[in-house]
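Shown next, in structure tokens, is the structure this report addresses.
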Amino acid sequence: MQNLARQVLKQDIRAIARSISLIENETDITQKEALIDTLHPHCGNAIVWGITGPPGAGKSCLLDRFIEHLRQDNKTVAVIAVDPSSPFSGGALLGDRLRMQKHATDDGVFIRSMASRGHLGGVAGATADAIKIFDAAGFDYVIIETIGVGQTEIEVMELSDIVLLVLVPGLGDEIQALKAGVMEIGDIFIINKKDLDGADRLKSEVEYVLSLKDSIESDSKHPICMTSATQNDGIGNALSQINSYFAGLRDDGRLAQKRKERIEKELKHIATTKIMASANRFLNIDQRLNGWVEEVFQKKVSPYKLLNKKIGDFLQEINWQ
């Protein structure tokens, strides 16, 4: 793993791809952890965006425009295209992202599709590790794109420094995202396809929702950007507002606090996962479960009493005081 990590730090594309496959498939947890251990001191420099919104909002086209502008500024970009439902490895979503393939020959852009696969932390856990790999490799920006606005996507977006919520007029209830809780985690609100009827009305609706949010979060004002990705209109202004918002987060300490909160969640998740795995091995739950079900069903013991005894034995075995 030391050699693989060294190659990642040199931004070797093959090493990065191998590393992503390692953490996505999680076939060897020990190797994965050794890789992340080595890369960890080199993390924390990349700016992490999340781009989410309902299907049909034009997120991929918008992202393509952002990449163009960032590359013109000599910034390197890694894109993680998240598909929580796909059972396939790399390329699961890239069929819908062919417009971004013009960047395929650009060493400053790395695009990777990611599914949940077998990662113990689900798609969010795999994405968190992928961010670390790209960050350590020296990419200036790591951008996470999701296909929808469900609970899994919200969990993934929480890995970002800034969340861009892309909305578009003409999808029925344009603020449907509000019901999914996405409005709560959005930082920058982008109304794409601004040339369509209803764009101004949608902006007014978003402004109203944000007026309620901003009255609670007095330290933050959430920009609303109007764009037309297909016409390459409003992209520069949106990028300027995103950068300005990020600078505010960084300068007043909110960015550091947000990243610490992510670390706290990660530590809790890792602790829970490892303790559960150890307990499962000791208790041999899969093989003993049927017998336990019978004991509880026949009223020989209650679920609490049974598991308090089993877990007590486990804790005593590991000398947990």
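Enumerate the lysines that K132 could reach by cross-link, defined here as Cα to Cα under 17 Å, with residues fewer than 8 away along the same chain left out.
Within reach: K10, K32, K258, K260, K265.
Calculate, in whole percent, how much of the Cα-Cα pair population of the range 266-317 lies beyond 16 Å.
Counting pairs separated by more than 16 Å, the tail of P(r) holds 48 percent.
Using 20 Å as the Cα-Cα cut-off, could you pick out the over-long pairs in K268/K310; K75/K194; K59/K193; K59/K203?
Details: K268/K310 23 Å; K75/K194 27 Å; K59/K193 11 Å; K59/K203 17 Å.
In this structure, K268/K310; K75/K194 exceed 20 Å between Cα atoms.
Take K132, K75 and order them by how many other Cβ atoms sit within 10 Å, fewest up front. Please report the intermediate quantities before stating the final value.
Details: K132 22, K75 15.
Fewest-to-most ranking of K132, K75: K75, K132.
At K260 and I285, where each label point lies 7 Å from the Cα along Cα→Cβ, what is the point-to-point distance in nanometres?
3.3 nm
Could you order peptides 259-268, 59-68 by the average number of other Cβ atoms within 10 Å of their residues, highest first?
My ranking of the peptides, most packed first, is 59-68, 259-268.
Only the coordinates and a few stated rules stand behind these numbers; no lab work does. What you see is a predicted model, and the numbers here were worked out from it, not measured in a lab. Cβ atoms come from the backbone with ideal geometry, glycine included; neighbour counts cover every protein chain shown.
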